[in-house]
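One structure is given here, and the rest of the page talks about it.
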Amino acid sequence: MAGTYELDWNPTMKRFSFTLHGMWDAQTMTRFAAEHRAIVTKAPAQGWMVLANLTDFPAQSPEIQAGHEKLMAFSEQQGMARAAVVVPKAVALMQMKRMAAQAHANTLAFFATMAEAEKFLSTKSR
């Protein structure tokens, strides 16, 4: 499947949600990065959350990984309080954990299911 994505900002919940699909090329990464940055720039200065669904997002090329690392770091710099990332596949999970470490993204937590991620975001103190 060609790379696609969906993005959503919920101002009431202060939550940025996105779902990523398929193998990405540079064009997809560029579009996603621009839309991602536009949402994050409009988010409150602190205290907002991310719910990332990567259940249909396989391990990506080094160039795409680098793009996501930059977005992780940018999100933290812009006040992201925490993020729940759903990555049920072992290889993709290893890649995401490495990317988060390289981006110094300390607010990310990884889960195998959306239910676990939702529980994490709803039970943590605001």
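Somewhere in the range 29-49, is a residue crowded, with 18+ Cβ neighbours inside 10 Å, of a type outside the set (Val, Ile, Thr), over 24 Å from Ser61 (Cα atoms) and in contact (Cβ under 8 Å) with a residue 40 or more places away in the chain?
yes
Restrict the check to the range 10-19 and report whether at least one residue is surrounded by fewer than 18 Cβ atoms within 10 Å (Cβ to Cβ) and either touching a helix residue (DSSP H, G or I) at 6+ places or on another chain (Cβ under 6 Å) or under 19 Å from Glu69 (Cβ atoms) (or both).
no
Pro62 passes all but one of (1) without any contact (Cβ under 8 Å) to a residue 24 or more places away in the chain; (2) under 15 Å from Val85 (Cβ atoms); which number fails?
Answer for Pro62: the failing condition is (2).
May I ask you to list the residues in the range 45-56 that are at pLDDT 90 or above and either out of contact with any strand residue (DSSP E or B) (no Cβ under 6 Å at 6 or more places or on another chain) or not charged (D, E, K, R) (or both)?
Trp48, Met49, Val50, Leu51, Ala52, Asn53, Leu54, Thr55
Say we look at the range 37-88 and pick out the residues that are assigned to a loop (DSSP other than H, G, I, E, B) and within 13 Å of the chain's Cα centre (by Cα); which of these is farthest from Thr107 (Cα to Cα)?
Selected residue: Phe57.
The values are calculated or read from the model by the stated rules, or taken from the named source; none is laboratory data. Please read these numbers as outputs of a predicted model, since none were measured by experiment. Backbone-built Cβ (ideal geometry, glycine too); neighbour counts: all protein chains shown.
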